[in-house]
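Written out below as structure tokens is the structure these notes cover.
The values are calculated or read from the model by the stated rules, or taken from the named source; none is laboratory data. Since this is a predicted model, take the numbers as computed values, not measurements. Note that we place each Cβ from the backbone using ideal geometry, even for glycine, and neighbour counts take in every protein chain shown. Side chains included, ligands, DNA and RNA excluded: accessible areas come from the protein's heavy atoms. Shrake-Rupley method; radii C 1.70, N 1.55, O 1.52, S 1.80 Å.
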Amino acid sequence: MKSNPFVYLLVAIAIASGATVLVGYFFPSLAEIKGEMLDWAVIFTAVLLLIGVVSLVRTHWRKTMQDHNDRVYSLVLIISFILTLLVTVPSGPTSKWSMWLYNNLIIPIESSLLGILAVFLIYACARLFNQRMSIYTLVFIGTVLLAMLGWVTIPGVELEGFKDFRDWLLSVWAVAGVRGILLGVGLGTVATGLRVLIGADRPYGS
Amino acid sequence: MEIVSCPFCGKENPPESETCQYCQARLIPLKINPASQPDSIGQPPEEESPAKSNKDQVPESQDGLQAAGEMNRSEAAPVSDASDWLSGFRNQINTQDLSSQPVAQDDGPRPEIRDIHPDIESGTMQNDSIRSLLFTDAGQKEEQPPENSVIGPQDVERTGDTAADDLAWLRELQSQYQQVESLSSAGSKKDEDWSAANELSQDSQKREDDVVPSWVDEIYAGPRDEKEAESDLGLSPAELPAWLDATRHSGTHQDIFSIPSDYGGQVEIAGPLAGLPGILPAEPEIALGRKAAAYPAQLQVTETNRVQAEIFDQVLQSEGQNQPIPDRGLVTSQKVMRMAFAIIIIFAILVPVFSLQTLERYPPIAPVAVLTASQIISSIGNESPVLVAVEYEPGFSGELDAALAAVLDHLMIQEAFLVFISSNPTGPLQAEHIVTVSNQVGSHQYVNTEGQIEYINLGFIPGGPAGLRNFAENPRLSNPSDISGEPAWQNPVMMTVDDINDFSLVIVASENQDKSRAWIEQAGTLLANTPLIYIVSAQSEPLIRPFFDATPRQVQGIVSGVIGSVQYGTTIGRQGIAQLYWPSFNSGLLAAAILIVIGGGANALLVLNAIKNGRKKGGN
């Protein structure tokens, strides 16, 4: 397949930018160039955020114009976007009405979703034996119960054993597992960075 | 337009082409049809055969061989014509007494054989001329019988001059044609004509072969000379076993050059061998049509395989058919169970709200991470700048608001100067929200007005990890103004901050492990003496714990979820939001554990019962 010559320009820009930032960490004299590159990255990301907002509205506007069953949801999104703009832009993002929208709409809606998620997770745990009966299911359910009981306090009942077991799980098993994950993430990040620097990985286009 | 593809090179050629214009391979395959051979032989010389048109394309050295081949390759001549000229040829022989009468010598110069050949090939010589020439030579040969049957190249000149060729071959030819005549009356006239003509052709070929160049004789003279040389040296020839001697080729070069009878009459018309007769065609296997092998259409399968195939076919057919969806009632067991779970949990949460006496018991001992965080904040002085990164989503406000409010309450008690920042788009609003909550719960009056600035909201940091790194290295350039657009760094407290290390404390509140790790990696590495405290949700605590347990610590304190907030409040002796949340949180947690135990146990019994019944059925 014939590659686009424009890709080579993108590769050159990516390698030069990455190498400049990387060298800036080792040589303090190049720190200013590194800071300048970081400023550009921040500005570009902010512009991309605006483009994302425009693209979101455009997409849902098209859905609204089409004869689609879910067009009402797109219409709600566009109306909400317009109302938020009308409230926020004139008075500022931290004005009284802006905070009212945030405190009385965004927080309750998102919190309700997480509340429903809690109920479904409890139900799924109870149904887990019906779906798959294995030793791993027993270990999972047992760990969940012990961790929950390690937090619970009941008047007149001492649950120190559950609390100690929970602390042991958290400080030994969980930390050991997370450290392995962090090491893997670190190695993967280094490998990905090197692939981008040598042009083997082109997340910006092939 | 029809295009003919070359069977050798695969390139396309016009449909009227006989040979490939690229590789000169034959496009129209030769078909060996003995019935057509007599026609070729019987073609009158004056008719120009298609092969003659290609004569100019062949090298001169091949003319002699080509001539013999072209005579055989002549096409589209009717058998009757051949019979005519052959009969005339025969009558001519009969009318002359070849055995006794000497041939009258012409006064004019007589053409030699090699001079006549091109005329014969080109067809310019008429029948009468051929006859006169042939029988004149025959008369001369009659007078001087040949001494040797094989004429060497050195004898060719003499042959033309002395006419020493005997006429035995003509008599033999005459007898053969008489046989042909006798057999021509039968239904197999064509075949007999072909045989006789073929023999005539072979005889003619033999005569042609007699006139071989000198280099051919030199080749065959070589082994004889070596043999003679060996005999001169006294070496006796080796005696070979009979079976090995039988395998040796004892023929002459004529035998070597002999060709199979099937292809003897074929002349190559294309390629480097153009003009050579008797060339084995390269493509007979391709050109000759074959009847496709007939394979049985029915599969040879066993009865078991046939039954299984029918079952498989039924399964495939059933896949394409729409299966009716069974009507599901509005009330199913799962819906009932889900509703029951929700009602029980809501009830468990609401009961402590109306009766706080029942489960009012807080966790007694605070962990080390909470105690360390409390001690660090207790050491924060008045008007000390404290950076607070609000990195959690609004949905986690119920959990993290309680934890962060307890810490902010402590900071407000210490009268620290709070600087809020966030890499989350909703973070700045969340910061305003948590300040309001902390003011309400702790009876504080932290405001940001023109006359009184006790905290600053720097707003949003775009760019993800790169933005965090940029802010950590140069916060003034990264966020020069606050969320309202006012200059942020003209405040007397903020003027003392040039680097992230100038903050007295950095607090990160997040439920997202990626953002938590980004702050440690991008900003935590630049912190020299500034402590870093994390306010995280219960699900993120295990991911931050390794940084707290490290040596030296990359995170100096952790306050985790509602229970951490309760423990922190207990440590500083304050009743915050967490204390309000705790009874409902505790009872809801206990109800959830009970539901999991009861529901899980019931489902396990059902599964075990089903397995037991299934085994019984299988056993029966």
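A few notes on this one:
- Residue ID - least open to solvent (accessible area, probe 1.4 Å), chosen from residues in region B:338-375 that are outside any loop (DSSP other than H, G, I, E, B) and at pLDDT below 85: B:P352
- Of the criteria (1) assigned to a helix (DSSP H, G or I); (2) surrounded by 14 or more Cβ atoms within 10 Å (Cβ to Cβ); (3) not hydroxyl-bearing (S, T, Y), which one A:D201 fails: (1)
So that you can scan it fast, the table gives a plain yes or no per residue for (1) on the phi < 0 side of the Ramachandran plot; (2) away from chain B (no Cβ under 12 Å); (3) not in a helix (DSSP H, G or I):
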| site | (1), (2), (3) |
| --- | --- |
| A:E32 | yes, no, no |
| A:A41 | yes, no, no |
| A:V53 | yes, no, no |
| A:L75 | yes, yes, no |
| A:I78 | yes, yes, no |
| A:P90 | yes, yes, no |
| A:P93 | yes, no, yes |
| A:W100 | yes, no, no |
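- Being out of contact with any strand residue (DSSP E or B) (no Cβ under 6 Å at 6 or more places or on another chain) and open to solvent by 100 Å² or more (accessible area, probe 1.4 Å) is a condition met by at least one residue of region A:88-95.
- Some residue of region A:1-8 being in contact with a Lys or Arg (Cβ under 9 Å, 6 or more places away or on another chain) and either more than 12 Å from every other protein chain (Cβ to nearest Cβ) or open to solvent by less than 50 Å² (accessible area, probe 1.4 Å) (or both): yes
- With respect to (1) within 14 Å of chain A (Cβ to nearest Cβ); (2) over 30 Å from B:S438 (Cβ atoms); (3) open to solvent by 40 Å² or more (accessible area, probe 1.4 Å), the lone exception for B:A550 is condition (3).
- If you filter region B:429-454 down to residues that are small (G, A, S) and open to solvent by 20 Å² or more (accessible area, probe 1.4 Å), you find that the one that is nearest to the other protein chains (Cβ to nearest Cβ) is B:G451.
- Residues in region A:9-57 that are among the polar types (S, T, N, Q) and either farther than 18 Å from B:S423 by Cβ or open to solvent by 100 Å² or more (accessible area, probe 1.4 Å) (or both): A:S17, A:T20, A:S29, A:S55.
- Scan of region B:534-561 for residues that are without any contact (Cβ under 8 Å) to a residue 40 or more places away in the chain and among the hydroxyl-bearing types (S, T, Y), ordered by number: B:Y534, B:S540, B:T551
- Annotation: of all residues in region A:120-153 being at the interface with chain B (Cβ under 7 Å from one of its Cβ atoms) and not in a helix (DSSP H, G or I), the one that is nearest to B:M337 (Cα to Cα) is A:M133.
- Within region B:377-394, the residues that satisfy the criterion of being of a type outside the set (S, T, Y) and crowded, with 19+ Cβ neighbours inside 10 Å are B:I377, B:I380, B:P385, B:V386, B:L387, B:V388, B:A389, B:V390, B:E391, B:E393, B:P394.
- Residue that is farthest from the other protein chains (Cβ to nearest Cβ) [pool: residues in region B:584-599 that are under 17 Å from A:K163 (Cβ atoms) and open to solvent by 10 Å² or more (accessible area, probe 1.4 Å)]: B:F585
- Considering (1) facing chain A (nearest Cβ under 9 Å); (2) of a type outside the set (D, E); (3) surrounded by 22 or more Cβ atoms within 10 Å (Cβ to Cβ); (4) not in a helix (DSSP H, G or I), the lone condition that B:I563 does not fulfil carries the number (4).
- Residue check, B:A509 under 57 Å from the mean Cα position of the chain (by Cα), modelled with pLDDT of 90 or more and over 23 Å from A:L146 (Cβ atoms): yes
- Residue match in region B:395-406 (condition: assigned by TED's automatic domain parsing to the domain that holds B:G564, open to solvent by 10 Å² or more (accessible area, probe 1.4 Å), touching a Phe, Trp or Tyr at 6+ places or on another chain (Cβ under 9 Å) and not in a helix (DSSP H, G or I)): no
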